Amino acid sequence: KTTTSFLLEQVLAYADRRVGVDGTVSYRWPSHEEPAANTTPESATLQRLMAKMVDDQVSDLVMEVSSHGLASHRVEQTFFDAVVFTNFTQDHLDFHLTMEAYRDAKALLFGHHVASSLEHGKRPIAVINIDDGEGSYLAELAKLSGARVVTYGLNLGADLRAMEIRSAVSGTTARSPAAYCWR
């Protein structure tokens with residue numbers, strides 16, 4: 001989540017957007033930065049930060065939404081334009097106790113929060129790593145909840161598929177077999 005949030009922040013900033021980030025490292029936007037107490041702040045803190053961002057004309061917020069934050073309802077009444085699933089690993093079992101409970105907490109973003117965002121006038125898009133074992137489940141859940149779904153990965157069934165991947169000190173390049181048409 002952290003790497004993805006940094007990448008999205010840079011892409012949006014390059015497009016001359018005023019970007020805010022709530023994440024593991026810090027809560028920041030142009031002219032403001034403070035250390036993060038939690039990856040997903042407590043709901044009152046999150047609302048305070050978002051209000052400050054609005055006052056400072058932030059156009060886009062990139063937020064790391066943790067399974068803890070979802071299970072603790074920290075993002076209730078927060079409506080999303082896009083949600084991203086990168087991977088599911090054996091983390092946070094001290095909190096969730098089982099892999100199923102952990103997956104179910106993450107699934108709230110692609111089910112409940114997608115549907116809620118749709119009800120509040122958003123047209124959310126779910127971008128999902130189909131190579132992960134839980135990717136298909138979350139893609140189907142997001143579709144059933146009303147999201148436009150785009151999958152990515154190395155899998156032949158992915159909407160966006162990387163091929164001919166080359167890594168070097170200067171960066172990584174890949175080719176996609178065909179241009180994806182946004183629906």
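Subtracting the Cα-Cα distance of N87 and S26 from their residue separation scaled by 0.36 nm leaves 19.8 nm. Among P41, P30, P124, the largest mean-square fluctuation in a Gaussian network model of the chain, built with springs joining Cα atoms closer than 10 Å, belongs to P30. Listed by chain and number, the aspartates and glutamates whose C-alpha is less than 16 Å from the C-alpha of K106, apart from same-chain residues fewer than 8 away, are E64, E76, D91, D94, D132, E134, E140. Listed values for the range 53-67 are Karplus-derived 3J(HN,Hα) couplings in whole Hz (6.51 cos²θ - 1.76 cosθ + 1.60, θ = phi - 60°), namely 5, 4, 4, 8, 6, 6, 8, 9, 10, 9, 10, 7, 9, 7, 4, and x replaces Gly and Pro. Among V25, V114, V65, the residue with the largest mean-square fluctuation in a Gaussian network model of the chain, with springs joining Cα atoms closer than 10 Å, is V25. Taking K and R as +1 and D and E as -1, what net charge do the other residues with C-beta under 10 Å from the C-beta of A71 add up to? Spelling it out: positives minus negatives among the neighbours equals +1. Summing charges over all other residues whose Cβ lies under 14 Å from the Cβ of G135, with Lys and Arg as +1 and Asp and Glu as -1, gives -1. You can think of it this way: the chain between S59 and L97 has 9.9 nm of extra reach, that is 0.36 nm per residue less the Cα-Cα gap. Taking GluC sites (Glu not before Pro) across the range 7-66, the ones in a DSSP loop with at most 16 further Cβ atoms lying within 10 angstrom of their Cβ are E42. Here the Debye sum runs over all C-alpha atoms of the chain as equal scatterers in vacuum, and log10 of I(q)/I(0) at q = 0.08, 0.10, 0.16 Å⁻¹ comes out as -0.27, -0.42, -1.11. Scoring 145-153, 44-52 by mean Cβ neighbours within 10 Å over their residues and listing the highest first yields 145-153, 44-52. With a cut-off of 14 Å between beta carbons, the residues surrounding K1 carry a summed charge of -4, where Lys and Arg count +1 and Asp and Glu -1. Across the range 27-183, Cα pairs under 8 Å and at least six residues apart give a relative contact order of 16 percent.
FYI, it's all coordinate maths here, none of it is from the lab. Everything quoted here is computed from the prediction, not taken from an experiment. Here the Cβ is made from the backbone with ideal geometry for all residues, glycine too, and neighbour counts use every protein chain on show.
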